[in-house]
Amino acid sequence: MKKRLADYGLQSERVLWTGKGPGAFETELGDLESRLGLTTLDKAIHWAQSKSMWPDTFGLACCAIEMMAIVSSRYDIARFGMEAFRSSPRQADLLIVSGRVAHKMAAPLRQIYDQMLEPKWVIAMGACASSGGMFNNYTVLQGVDKIVAVDIYVPGCPPRPEALMEGIIRLHERVQAGIPPAYEVRGVAS
């Protein structure tokens with residue numbers, strides 16, 4: 001036996017108007033209440049966050065060329081609603097660090113990260129951003145996670161646009177699953 005809204009204790013005029021039988025609207029829709037897909041507010045917010053990420057432009061080296069390629073029609077990042085790379089960190093919530101980070105660039109990178117609104121996510125693109133890559137010397141930062149909290153690491157030297165797209169999809173899966181951003185889980189070095 002199907003339960004109607006009145007059986008759950010909803011006290012509205014439409015539900016309490018039981019003597020007249022179902023109206024034309026209720027007859028036409030039938031058992032719409034049982035066919036509706038319901039969700040929680042948290043799941044709806046996480047879905048909306050994953051579908052409206054705006055990346056910040058922060059290309060540092062050869063990986064930036066591959067990052068620029070994902071906007072082209074061949075890879076079409078517009079299907080994720082991310083085609084508009086933001087020039088201001090106050091409008092972006094995803095920072096894609098692509099390329100090697102020199103120690104001189106660490107302070108501006110941290111400043112851009114601090115100016116981004118929360119929630120914010122970071123993708124370290126390429127071997128240089130993830131671990132310093134082949135540049136094991138005093139000028140290149142050995143991993144961008146020393147100054148910002150990284151959510152997704154995309155391997156490769158340079159990684160193909162498909163690899164970056166896979167990283168973006170993985171980030172969307174994390175957001176939709178309700179996993180908090182990396183700065184909430186691990187914190188950020190200061």
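The values are calculated or read from the model by the stated rules, or taken from the named source; none is laboratory data. Quick caveat, the model's predicted, so the values are computed rather than measured. All Cβ positions, even for glycine, are placed from backbone atoms using ideal geometry, and neighbour counts span all protein chains on display. Accessible surface is based on the protein model in full, side chains and every heavy atom, while ligands, DNA and RNA are left aside. Shrake-Rupley method; radii C 1.70, N 1.55, O 1.52, S 1.80 Å.
List the number of the failed condition for Glu28; all other conditions in (1) part of a loop (DSSP other than H, G, I, E, B); (2) modelled with pLDDT under 80 hold.
Going through (1) part of a loop (DSSP other than H, G, I, E, B); (2) modelled with pLDDT under 80 one by one, Glu28 breaks only (1).
Mind listing whichever residues of the stretch 152-169 are within 16 Å of the chain's Cα centre (by Cα), within 14 Å of Ser130 (Cα to Cα) and open to solvent by 60 Å² or more (accessible area, probe 1.4 Å)?
Tyr153 - this is the single residue of the stretch 152-169 that is within 16 Å of the chain's Cα centre (by Cα), within 14 Å of Ser130 (Cα to Cα) and open to solvent by 60 Å² or more (accessible area, probe 1.4 Å).
Among the residues of the stretch 96-151, how many are crowded, with 19+ Cβ neighbours inside 10 Å, farther than 23 Å from Ser50 by Cβ and among the basic types (Lys, Arg)?
Counting residues in the stretch 96-151 that are crowded, with 19+ Cβ neighbours inside 10 Å, farther than 23 Å from Ser50 by Cβ and among the basic types (Lys, Arg) gives 1.
Residue by residue, here is whether (1) among the hydrophobic types (A, V, I, L, M, F, W, C); (2) under 18 Å from Cys157 (Cβ atoms) holds:
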{"position": "Ala61", "(1), (2)": "yes, yes"}
{"position": "Ala64", "(1), (2)": "yes, yes"}
{"position": "Met67", "(1), (2)": "yes, yes"}
{"position": "Arg74", "(1), (2)": "no, no"}
{"position": "Phe80", "(1), (2)": "yes, no"}
{"position": "Arg86", "(1), (2)": "no, no"}
{"position": "Ile96", "(1), (2)": "yes, yes"}
{"position": "Pro108", "(1), (2)": "no, no"}
{"position": "Tyr113", "(1), (2)": "no, no"}
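Quick one: count up the residues across the stretch 128-160 that are part of a helix (DSSP H, G or I), within 18 Å of Ala69 (Cβ to Cβ) and at pLDDT 90 or above.
Qualifying residue count, the stretch 128-160: 0.
Every residue in the stretch 55-82 that is assigned to a loop (DSSP other than H, G, I, E, B), closer than 23 Å to Arg110 by Cβ and more than 19 Å from the chain's Cα centre (by Cα), please.
Leu60, Ala61, Cys62
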